[in-house]
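For reference, the structure discussed in these notes is given below.
The values are calculated or read from the model by the stated rules, or taken from the named source; none is laboratory data. Everything quoted here is computed from the prediction, not taken from an experiment. Here the Cβ positions follow ideal geometry from the backbone for every residue, glycine too, while neighbour counts run over all protein chains shown.
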Ligand code: HEC
Ligand code: HEC
(Lines give C-alpha, C1' and ligand atoms only; values in the text may rest on other atoms or scores of the structure.)
(Ligands and ions follow the chains in the order given, each with its own letter.)
Protein backbone atom coordinates (compact mmCIF):
# COMPACT_ATOMS: atom_id res chain seq x y z
CA UNK A 1 0.00 0.00 0.00
CA UNK A 2 1.25 3.47 -0.78
CA UNK A 3 1.85 5.84 2.16
CA UNK A 4 -0.90 8.05 0.79
CA UNK A 5 -3.53 5.33 1.11
CA UNK A 6 -2.33 4.54 4.62
CA UNK A 7 -2.58 8.21 5.57
CA UNK A 8 -6.13 8.43 4.20
CA UNK A 9 -7.00 5.27 6.09
CA UNK A 10 -5.76 6.74 9.37
CA UNK A 11 -7.70 9.97 8.83
CA UNK A 12 -10.92 8.07 8.07
CA UNK A 13 -10.42 5.90 11.15
CA UNK A 14 -9.80 8.88 13.43
CA UNK A 15 -12.83 10.75 12.11
CA UNK A 16 -14.94 7.62 12.59
CA UNK A 17 -13.69 7.16 16.14
CA UNK A 18 -14.34 10.80 17.04
CA UNK A 19 -17.85 10.62 15.58
CA UNK A 20 -18.53 7.40 17.48
CA UNK A 21 -17.56 9.01 20.78
CA UNK A 22 -19.46 12.17 19.91
CA UNK A 23 -22.80 10.42 19.18
CA UNK A 24 -22.67 8.75 22.61
CA UNK A 25 -23.45 12.17 24.06
CA UNK A 26 -26.22 13.20 21.69
CA UNK A 27 -29.41 13.58 23.72
CA UNK A 28 -31.62 12.26 20.93
CA UNK A 29 -34.04 9.42 20.47
CA UNK A 30 -36.35 7.79 23.00
CA UNK A 31 -34.86 7.02 26.41
CA UNK A 32 -34.40 3.64 28.08
CA UNK A 33 -37.13 3.63 30.70
CA UNK A 34 -38.97 0.99 32.72
CA UNK A 35 -42.07 2.70 34.12
CA UNK A 36 -43.94 0.88 36.92
CA UNK A 37 -46.05 -2.17 36.13
CA UNK A 38 -49.66 -1.10 36.49
CA UNK A 39 -51.78 -4.03 35.34
CA UNK A 40 -51.13 -7.27 33.51
CA UNK A 41 -53.66 -9.47 31.72
CA UNK A 42 -55.19 -12.21 33.88
CA UNK A 43 -52.83 -14.90 32.58
CA UNK A 44 -54.44 -18.32 32.15
CA UNK A 45 -51.23 -19.98 33.42
CA UNK A 46 -47.74 -19.03 34.60
CA UNK A 47 -46.45 -20.86 31.53
CA UNK A 48 -48.17 -18.46 29.12
CA UNK A 49 -46.69 -15.51 30.96
CA UNK A 50 -43.24 -17.10 30.94
CA UNK A 51 -43.37 -17.61 27.16
CA UNK A 52 -44.62 -14.07 26.58
CA UNK A 53 -41.93 -12.75 28.91
CA UNK A 54 -39.26 -14.61 27.00
CA UNK A 55 -40.40 -13.57 23.54
CA UNK A 56 -42.36 -10.33 23.88
CA UNK A 57 -41.69 -8.49 27.14
CA UNK A 58 -38.55 -6.65 26.03
CA UNK A 59 -40.68 -4.51 23.72
CA UNK A 60 -44.25 -4.97 24.96
CA UNK A 61 -43.88 -4.47 28.71
CA UNK A 62 -42.30 -2.15 31.26
CA UNK A 63 -39.93 -4.96 32.27
CA UNK A 64 -37.51 -4.48 29.41
CA UNK A 65 -34.11 -6.01 30.00
CA UNK A 66 -31.62 -3.53 28.58
CA UNK A 67 -28.42 -5.35 27.53
CA UNK A 68 -25.02 -3.62 27.60
CA UNK A 69 -25.11 -2.79 23.89
CA UNK A 70 -28.40 -0.96 24.39
CA UNK A 71 -26.29 1.73 26.10
CA UNK A 72 -24.11 2.33 23.07
CA UNK A 73 -25.26 4.57 20.22
CA UNK A 74 -26.43 3.98 17.56
CA UNK A 75 -27.74 0.57 18.78
CA UNK A 76 -29.22 2.28 21.85
CA UNK A 77 -31.46 4.38 19.61
CA UNK A 78 -32.81 1.31 17.83
CA UNK A 79 -33.51 -0.72 20.97
CA UNK A 80 -35.17 2.21 22.75
CA UNK A 81 -37.21 2.95 19.64
CA UNK A 82 -38.40 -0.68 19.38
CA UNK A 83 -39.48 -0.67 23.01
CA UNK A 84 -41.28 2.66 22.59
CA UNK A 85 -43.14 1.56 19.48
CA UNK A 86 -43.83 -1.91 20.86
CA UNK A 87 -45.29 -0.50 24.09
CA UNK A 88 -47.36 1.91 22.07
CA UNK A 89 -48.88 -0.97 20.07
CA UNK A 90 -49.78 -2.73 23.34
CA UNK A 91 -48.19 -3.05 26.77
CA UNK A 92 -48.50 -6.15 28.94
CA UNK A 93 -47.57 -4.01 31.97
CA UNK A 94 -50.27 -1.39 31.39
CA UNK A 95 -52.88 -3.81 30.22
CA UNK A 96 -56.45 -2.76 29.52
CA UNK A 97 -59.01 -5.34 28.40
CA UNK A 98 -59.29 -5.26 24.63
CA UNK A 99 -55.95 -3.47 24.19
CA UNK A 100 -54.88 -5.98 21.53
CA UNK A 101 -56.61 -9.14 20.39
CA UNK A 102 -55.09 -12.61 20.63
CA UNK A 103 -55.89 -13.15 16.94
CA UNK A 104 -53.71 -10.25 15.83
CA UNK A 105 -50.92 -11.49 18.10
CA UNK A 106 -51.33 -14.98 16.68
CA UNK A 107 -51.07 -13.66 13.16
CA UNK A 108 -47.87 -11.75 14.01
CA UNK A 109 -46.30 -14.82 15.63
CA UNK A 110 -47.30 -17.23 12.85
CA UNK A 111 -46.06 -14.94 10.09
CA UNK A 112 -42.70 -14.60 11.85
CA UNK A 113 -43.04 -10.80 12.11
CA UNK A 114 -42.98 -10.99 15.91
CA UNK A 115 -40.67 -11.11 17.77
CA UNK A 116 -38.82 -8.80 15.36
CA UNK A 117 -36.34 -10.92 13.35
CA UNK A 118 -33.44 -8.50 13.93
CA UNK A 119 -34.06 -8.82 17.68
CA UNK A 120 -33.82 -12.61 17.52
CA UNK A 121 -30.29 -12.34 16.12
CA UNK A 122 -29.14 -10.88 19.42
CA UNK A 123 -31.63 -12.82 21.59
CA UNK A 124 -31.56 -16.49 20.65
CA UNK A 125 -33.30 -17.27 23.96
CA UNK A 126 -36.41 -15.44 22.70
CA UNK A 127 -36.70 -17.74 19.69
CA UNK A 128 -39.65 -20.09 20.21
CA UNK A 129 -39.89 -23.63 18.86
CA UNK A 130 -43.02 -24.49 16.89
CA UNK A 131 -44.41 -26.28 19.93
CA UNK A 132 -43.74 -23.25 22.13
CA UNK A 133 -45.39 -20.95 19.59
CA UNK A 134 -48.48 -23.16 19.68
CA UNK A 135 -48.50 -23.03 23.47
CA UNK A 136 -48.10 -19.26 23.54
CA UNK A 137 -50.83 -18.74 20.94
CA UNK A 138 -53.24 -21.06 22.77
CA UNK A 139 -52.36 -19.35 26.05
CA UNK A 140 -52.91 -15.87 24.61
CA UNK A 141 -56.34 -16.91 23.34
CA UNK A 142 -57.19 -18.44 26.71
CA UNK A 143 -55.96 -15.32 28.51
CA UNK A 144 -57.40 -12.60 26.30
CA UNK A 145 -60.39 -14.42 24.80
CA UNK A 146 -62.53 -14.08 27.91
CA UNK A 147 -61.79 -10.40 28.42
CA UNK A 148 -64.76 -8.12 28.19
CA UNK A 149 -63.75 -4.68 26.99
CA UNK A 150 -65.71 -1.85 28.60
CA UNK A 151 -69.08 -1.49 26.86
CA UNK A 152 -69.10 1.04 24.07
CA UNK A 153 -71.49 3.92 24.49
CA UNK A 154 -74.60 3.63 22.34
CA UNK A 155 -74.01 4.96 18.84
CA UNK A 156 -75.97 8.03 17.88
CA UNK A 157 -75.17 8.39 14.19
CA UNK A 158 -74.62 5.84 11.48
CA UNK A 159 -71.04 6.99 10.90
CA UNK A 160 -70.39 6.38 14.55
CA UNK A 161 -71.97 2.93 14.27
CA UNK A 162 -69.76 2.15 11.30
CA UNK A 163 -66.62 3.16 13.18
CA UNK A 164 -67.71 1.21 16.22
CA UNK A 165 -68.42 -1.90 14.18
CA UNK A 166 -65.34 -1.89 11.95
CA UNK A 167 -62.73 -0.32 14.20
CA UNK A 168 -63.13 -2.29 17.41
CA UNK A 169 -62.35 -5.80 16.19
CA UNK A 170 -58.63 -5.79 16.97
CA UNK A 171 -58.30 -3.14 19.67
CA UNK A 172 -60.68 -1.29 21.94
CA UNK A 173 -62.69 1.56 20.45
CA UNK A 174 -60.94 3.85 22.96
CA UNK A 175 -57.84 3.41 20.80
CA UNK A 176 -59.77 5.43 18.21
CA UNK A 177 -61.70 7.81 20.44
CA UNK A 178 -58.66 8.82 22.49
CA UNK A 179 -56.69 9.83 19.38
CA UNK A 180 -56.64 13.39 18.01
CA UNK A 181 -55.47 13.71 14.43
CA UNK A 182 -55.62 16.02 11.48
CA UNK A 183 -57.59 14.91 8.45
CA UNK A 184 -54.41 13.80 6.65
CA UNK A 185 -53.32 11.80 9.68
CA UNK A 186 -56.69 10.07 9.95
CA UNK A 187 -56.55 9.23 6.26
CA UNK A 188 -53.12 7.67 6.80
CA UNK A 189 -54.28 5.75 9.89
CA UNK A 190 -57.41 4.41 8.22
CA UNK A 191 -55.38 3.29 5.20
CA UNK A 192 -52.95 1.51 7.54
CA UNK A 193 -55.84 -0.17 9.39
CA UNK A 194 -57.30 -1.35 6.09
CA UNK A 195 -53.91 -2.81 5.17
CA UNK A 196 -53.97 -4.63 8.51
CA UNK A 197 -57.42 -6.05 7.79
CA UNK A 198 -60.12 -3.49 8.71
CA UNK A 199 -63.08 -4.20 6.42
CA UNK A 200 -64.00 -0.89 4.74
CA UNK A 201 -64.65 -0.30 1.07
CA UNK A 202 -63.55 2.96 -0.55
CA UNK A 203 -66.82 4.77 0.15
CA UNK A 204 -66.84 3.65 3.76
CA UNK A 205 -63.23 4.73 4.17
CA UNK A 206 -64.15 8.25 3.07
CA UNK A 207 -67.12 8.34 5.43
CA UNK A 208 -64.98 7.15 8.32
CA UNK A 209 -62.13 9.58 7.59
CA UNK A 210 -64.62 12.44 7.33
CA UNK A 211 -66.31 11.49 10.60
CA UNK A 212 -63.08 10.92 12.52
CA UNK A 213 -61.46 14.19 11.45
CA UNK A 214 -64.66 16.06 12.38
CA UNK A 215 -65.13 14.32 15.74
CA UNK A 216 -61.57 13.57 16.80
CA UNK A 217 -59.68 16.23 14.90
CA UNK A 218 -56.98 18.58 16.05
C1 HEC B 1 -37.68 -6.28 19.60
C2 HEC B 1 -38.93 -5.71 19.99
C3 HEC B 1 -40.19 -6.55 19.88
C4 HEC B 1 -40.45 -7.81 20.37
C5 HEC B 1 -39.48 -8.72 21.11
C6 HEC B 1 -41.83 -8.11 20.06
N7 HEC B 1 -42.40 -7.04 19.41
FE8 HEC B 1 -44.32 -6.88 18.79
N9 HEC B 1 -43.97 -4.98 18.08
C10 HEC B 1 -42.75 -4.34 18.15
C11 HEC B 1 -42.87 -3.03 17.54
C12 HEC B 1 -41.75 -2.01 17.39
C13 HEC B 1 -44.21 -2.92 17.10
C14 HEC B 1 -44.88 -1.75 16.38
C15 HEC B 1 -44.81 -1.99 14.90
C16 HEC B 1 -45.54 -0.94 14.12
O17 HEC B 1 -45.94 0.08 14.67
O18 HEC B 1 -45.69 -1.18 12.92
C19 HEC B 1 -44.86 -4.17 17.47
C20 HEC B 1 -46.20 -4.44 17.19
C21 HEC B 1 -46.82 -5.62 17.52
C22 HEC B 1 -48.21 -5.90 17.24
C23 HEC B 1 -49.16 -4.97 16.52
C24 HEC B 1 -49.29 -5.39 15.07
C25 HEC B 1 -48.71 -4.47 14.06
O26 HEC B 1 -48.89 -4.76 12.87
O27 HEC B 1 -48.05 -3.47 14.38
C28 HEC B 1 -48.47 -7.15 17.71
C29 HEC B 1 -49.80 -7.87 17.68
C30 HEC B 1 -47.24 -7.64 18.31
N31 HEC B 1 -46.26 -6.69 18.17
C32 HEC B 1 -47.11 -8.87 18.93
C33 HEC B 1 -45.94 -9.34 19.50
C34 HEC B 1 -45.84 -10.60 20.19
C35 HEC B 1 -47.00 -11.56 20.40
C36 HEC B 1 -44.55 -10.73 20.59
C37 HEC B 1 -43.91 -11.91 21.29
C38 HEC B 1 -44.12 -13.20 20.69
C39 HEC B 1 -43.84 -9.53 20.16
N40 HEC B 1 -44.72 -8.72 19.52
C41 HEC B 1 -42.49 -9.29 20.39
C42 HEC B 1 -41.58 -4.82 18.72
C43 HEC B 1 -41.43 -6.07 19.28
C1 HEC C 1 -57.43 -5.94 11.65
C2 HEC C 1 -57.17 -5.32 12.90
C3 HEC C 1 -57.50 -3.83 13.06
C4 HEC C 1 -58.68 -3.20 12.76
C5 HEC C 1 -59.95 -3.79 12.21
C6 HEC C 1 -58.47 -1.80 13.10
N7 HEC C 1 -57.23 -1.62 13.63
FE8 HEC C 1 -56.46 0.10 14.39
N9 HEC C 1 -54.78 -0.88 14.95
C10 HEC C 1 -54.50 -2.19 14.68
C11 HEC C 1 -53.17 -2.51 15.15
C12 HEC C 1 -52.46 -3.84 15.00
C13 HEC C 1 -52.66 -1.33 15.75
C14 HEC C 1 -51.30 -1.10 16.41
C15 HEC C 1 -50.20 -0.95 15.39
C16 HEC C 1 -50.22 0.34 14.60
O17 HEC C 1 -50.48 1.41 15.18
O18 HEC C 1 -50.01 0.27 13.39
C19 HEC C 1 -53.71 -0.34 15.62
C20 HEC C 1 -53.61 0.94 16.12
C21 HEC C 1 -54.56 1.94 15.93
C22 HEC C 1 -54.43 3.29 16.40
C23 HEC C 1 -53.28 3.84 17.25
C24 HEC C 1 -52.11 4.14 16.37
C25 HEC C 1 -52.22 5.45 15.64
O26 HEC C 1 -51.91 5.47 14.44
O27 HEC C 1 -52.67 6.46 16.24
C28 HEC C 1 -55.53 3.98 15.96
C29 HEC C 1 -55.86 5.43 16.19
C30 HEC C 1 -56.34 3.03 15.22
N31 HEC C 1 -55.73 1.80 15.23
C32 HEC C 1 -57.52 3.35 14.60
C33 HEC C 1 -58.33 2.44 13.91
C34 HEC C 1 -59.52 2.81 13.18
C35 HEC C 1 -60.05 4.22 13.00
C36 HEC C 1 -60.04 1.65 12.70
C37 HEC C 1 -61.28 1.47 11.82
C38 HEC C 1 -61.23 2.12 10.54
C39 HEC C 1 -59.17 0.55 13.12
N40 HEC C 1 -58.15 1.08 13.85
C41 HEC C 1 -59.39 -0.80 12.87
C42 HEC C 1 -55.34 -3.11 14.08
C43 HEC C 1 -56.61 -2.85 13.62
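Pick out the one residue from 178, 168 that is touching a residue at least 12 places away in the same chain (Cβ under 8 Å) and over 17 Å from the mean Cα position of the chain (by Cα).
Numbers: 178 fails: touching a residue at least 12 places away in the same chain (Cβ under 8 Å).
After ruling out the rest, the residue left standing is 168.
Among the residues making up segment 193-218, those that are loosely packed, with under 14 Cβ neighbours inside 10 Å, within 15 Å of ligand 1 (Cβ to nearest atom) and within 23 Å of residue 97 (Cα to Cα) are 196, 197.
Tell me the residue from 105, 114, 100 that is outside any helix (DSSP H, G or I), without any contact (Cβ under 8 Å) to a residue 60 or more places away in the chain, within 16 Å of ligand 2 (Cβ to nearest atom) and crowded, with 18+ Cβ neighbours inside 10 Å, please. Step through it out loud before you land on a result.
On the way: 105 fails: outside any helix (DSSP H, G or I); 100 fails: without any contact (Cβ under 8 Å) to a residue 60 or more places away in the chain.
So the residue among 105, 114, 100 that is outside any helix (DSSP H, G or I), without any contact (Cβ under 8 Å) to a residue 60 or more places away in the chain, within 16 Å of ligand 2 (Cβ to nearest atom) and crowded, with 18+ Cβ neighbours inside 10 Å is 114.
Considering segment 32-64, and only residues there that are under 14 Å from residue 80 (Cβ atoms) and out of contact with any helix residue (DSSP H, G or I) (no Cβ under 6 Å at 6 or more places or on another chain), the residue that is farthest from ligand 2 (Cβ to nearest atom) turns out to be 34. Being out of contact with any helix residue (DSSP H, G or I) (no Cβ under 7 Å at 6 or more places or on another chain), surrounded by fewer than 15 Cβ atoms within 10 Å (Cβ to Cβ) and outside any loop (DSSP other than H, G, I, E, B), is that true of even one residue in segment 159-171? There is at least one residue in segment 159-171 that is out of contact with any helix residue (DSSP H, G or I) (no Cβ under 7 Å at 6 or more places or on another chain), surrounded by fewer than 15 Cβ atoms within 10 Å (Cβ to Cβ) and outside any loop (DSSP other than H, G, I, E, B). The set of residues in segment 68-78 being assigned to a helix (DSSP H, G or I), in contact (Cβ under 8 Å) with a residue 12 or more places away in the chain and away from ligand 1 (no atom under 12 Å from the Cβ) consists of 69, 71, 76, 77. Can you say whether residue 65 is in a helix (DSSP H, G or I) and either more than 30 Å from residue 173 (Cβ to Cβ) or assigned by TED's automatic domain parsing to the domain that holds residue 197 (or both), as far as the supplied structure shows? So residue 65 fails the test.
Of all residues being touching a residue at least 12 places away in the same chain (Cβ under 8 Å) and not in a loop (DSSP other than H, G, I, E, B) in segment 119-136, which is nearest to residue 55 (Cα to Cα)? Just the residue, please. Only one residue tops the list, namely 126.
Applying the condition of being out of contact with any helix residue (DSSP H, G or I) (no Cβ under 7 Å at 6 or more places or on another chain) and free of Cβ contacts under 8 Å to residues at least 40 places away in the same chain to segment 79-88 and asking which residue is farthest from residue 139 (Cα to Cα) yields 85. In segment 180-189, of all residues being surrounded by 14 or more Cβ atoms within 10 Å (Cβ to Cβ) and within 15 Å of ligand 1 (Cβ to nearest atom), the one that is nearest to residue 147 (Cα to Cα) corresponds to 189.
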